[in-house]
1. Conditions first: (1) surrounded by 15 or more Cβ atoms within 10 Å (Cβ to Cβ); (2) within 16 Å of the ligand (Cβ to nearest atom); (3) part of a loop (DSSP other than H, G, I, E, B). Phe89 passes all but one, so which condition is the exception?
2. When the stretch 163-202 is examined, which residues are found to be hydrophobic (A, V, I, L, M, F, W, C), in a helix (DSSP H, G or I) and without any contact (Cβ under 8 Å) to a residue 40 or more places away in the chain?
3. Name the one entry in Lys56, Lys61 that is at negative phi, of a type outside the set (Gly, Ala, Ser) and within 14 Å of the ligand (Cβ to nearest atom).
4. Output the number of the condition that Pro160 fails; it satisfies all remaining conditions of (1) in a loop (DSSP other than H, G, I, E, B); (2) out of contact with any helix residue (DSSP H, G or I) (no Cβ under 8 Å at 6 or more places or on another chain).
5. Looking at the stretch 92-125 only, could you name the residues that are under 23 Å from Leu175 (Cα atoms), in a loop (DSSP other than H, G, I, E, B) and modelled with pLDDT of 90 or more?
6. Being open to solvent by 10 Å² or more (accessible area, probe 1.4 Å) and either aliphatic (A, V, I, L, M) or within 10 Å of the ligand (Cβ to nearest atom) (or both) is the filter here, so list the residues in the stretch 21-42 that pass it.
7. Which condition does Ala239 not pass, out of (1) part of a helix (DSSP H, G or I); (2) closer than 19 Å to Pro39 by Cβ, if it passes all the others?
8. Hey, could you check the stretch 201-228 for residues that are of a type in the set (Gly, Ala, Ser) and open to solvent by 10 Å² or more (accessible area, probe 1.4 Å) and say which is farthest from the ligand (Cβ to nearest atom)?
Amino acid sequence: MNEIVLETKNLTKYYKKVAAVYDLNIQVFRGDVFGFLGPNGAGKSTTIRMILSLIKPTNGKIEIFGKDLKKHRSEVLKRVGSLVEKPDFYNHLSALDNLKFIGSLNGNVDNNKIKKVLEIANLIDRMHDKVKNYSHGMKQRLGIAQALLNDPELLILDEPTSGLDPNGMHEVRELIKTLSSEFNTTIILSSHLLYEVEQVATRMAIINLGKLIVQGKVQEILNDEKQIIHIKVDNLQKAFELLKNENYVSDIKIEDVFIKLTAPNNKTSDINELLVKNQIKVSSIIPKRTLEDYYLELTQNEHPKMRMKKNV
Ligand code: ATP
């Protein structure tokens with residue numbers, strides 16, 4: 001258990017004087033759906049391109065399956081599947097024929113395998129349709145099907161839901177969940193959307209301006225985060241006296257018709273239970289600082305100039 005599938009060690013990439021990625025240390029464990037989260041320009045694609053050996057790091061190294069990528073490039077990358085840019089297919093060919101063609105380039109992947117990946121991507125009923133008649137979401141799923149042709153142990157998806165409508169996003173997320181739960185594929189999923197990572201990822205790293213801000217289990221990171229909560233009850237003074245003695249509560253005060261306090265995200269139900277147990281009627285418990293605010297705060301508090309060589 002807890003086998004590290006991929007690790008970056010002080011990974012750094014400069015474009016001239018700008019650090020696209022700086023001193024990045026991330027660990028992806030077997031079985032993870034690893035959310036690689038950061039706003040536009042944070043350095044996600046640059047990191048993924050280094051992981052896939054499409055560009056060279058300026059400094060640092062990458063280990064995949066315990067092996068130095070630089071020394072074991074082709075051996076390691078054979079076990080990795082990826083979807084990094086908009087997938088490119090022949091529009092006048094069917095999905096099946098596209099995958100047959102790609103399969104033949106990769107050393108004759110057999111037909112059963114092709115049908116299997118189309119089934120996983122929920123495209124088997126449409127496999128004879130020409131790709132030009134596919135929706136954007138279907139093309140993305142076909143791109144993922146293609147990435148599965150070599151039975152990858154590690155699948156890397158760079159912003160796989162980008163540009164999709166809510167339905168398409170949902171279908172891609174469901175596919176990621178299936179790959180993880182039924183096929184035990186380790187997945188790295190980059191995204192700039194917190195709610196997307198929250199829904200599918202087990203662990204995550206947040207990066208901004210090329211640097212790691214936090215990494216760990218998604219629920220732990222999000223639950224530990226404190227939020228401001230507004231509570232409306234029928235007996236403000238009694239509720240105040242009760243809550244102020246709880247060790248997870250801070251900055252508590254009565255303001256207008258509310259009790260306002262700071263507590264970790266996962267404590268809202270405890271607060272409710274405590275009040276109700278003490279015969280206090282609770283009419284609302286409203287978290288005022290959402291996870292989205294937390295993410296924005298983490299990713300907006302540095303100035304882009306901090307990325308320049310002289311500052312890092
Ligand atoms: P996005 O979701 O917008 O693609 P990202 O997190 O993937 O964002 P990157 O594309 O890795 O971010 O970009 C990181 C930084 O590196 C940005 O400041 C970008 O302008 C810069 N950058 C990326 N590629 C190049 C390049 N080929 N030449 C110069 N600068 C680059």
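1. Unmet for Phe89, out of (1) surrounded by 15 or more Cβ atoms within 10 Å (Cβ to Cβ); (2) within 16 Å of the ligand (Cβ to nearest atom); (3) part of a loop (DSSP other than H, G, I, E, B): (2).
2. Matches in the stretch 163-202: Met169, Val172.
3. Lys56
4. (2)
5. Ala121, Asn122, Leu123
6. Pro39, Asn40, Gly41
7. The single condition Ala239 does not satisfy is (2).
8. The qualifying residue farthest from the ligand (Cβ to nearest atom) is Gly216.
The values are calculated or read from the model by the stated rules, or taken from the named source; none is laboratory data. All figures in this text were calculated on a predicted structure; none of them were measured in a lab. Every residue, glycine as well, gets a Cβ built from its backbone with ideal geometry; the counts of neighbours run over all protein chains shown. For accessibility, only protein heavy atoms count, side chains too; no ligands or nucleic acids. Shrake-Rupley method; radii C 1.70, N 1.55, O 1.52, S 1.80 Å.
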